[in-house]
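Peer 1: Before anything else, here's the structure in question.
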Amino acid sequence: MGFNRLRVRTRIYLGFGAPIVLGLCLAVFGVYELGEVHTEVTKMDVLAGNTQRVLTVTRDLEAIRRAQTRYSVDASADALISPSIAKYLAIKDACAGRDLNPKHPRLERENTKQ
């Protein structure tokens, strides 16, 4: 069936309808991909939080190492009183037993031992 056999009205409807259908398909695809982007952004947000905690603990551990070195050199009790030590212990207690991935191999090994 050739395109020329159709009436003019039908050809006009098909000519204007095709881009509309194409635009709707493109809009649906865009909405779907934006949903995927949202999922990836959520994952990246969780990873950024983990990275921030690791950097904070690393910085505080460095302060604890400096205090330990200062104590071993000077033997001063002031070296052991550090806000970093208390902060590190608070973060460690807050993060104890908290893992974002319940299927982590370490957790599975611990669960099978029990």
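Peer 1: So V54 clears everything in (1) among the β-branched types (V, I, T); (2) over 19 Å from the mean Cα position of the chain (by Cα); (3) at pLDDT 65 or above except one condition, right? Which one?
Peer 2: (2)
Peer 1: Which of the residues that make up the range 15-51 are touching a Leu at 6+ places or on another chain (Cβ under 8 Å) and modelled with pLDDT of 90 or more?
Peer 2: none
Peer 1: List every residue pair whose Cβ atoms lie under 9 Å apart, where the two residues are 6 or more positions apart in sequence or sit on different chains, the first residue falls within the range 2-31 and is exposed (fewer than 10 other Cβ atoms within 10 Å of the Cβ), and the second residue, located anywhere, is of a type in the set (S, T, N, Q) and part of a helix (DSSP H, G or I).
Peer 2: none
The values are calculated or read from the model by the stated rules, or taken from the named source; none is laboratory data. No experiment lies behind these values; they were computed from the predicted model shown. As a convention, Cβ positions derive from the backbone with ideal geometry for all residues, glycine included, and neighbour counts pool all protein chains shown.
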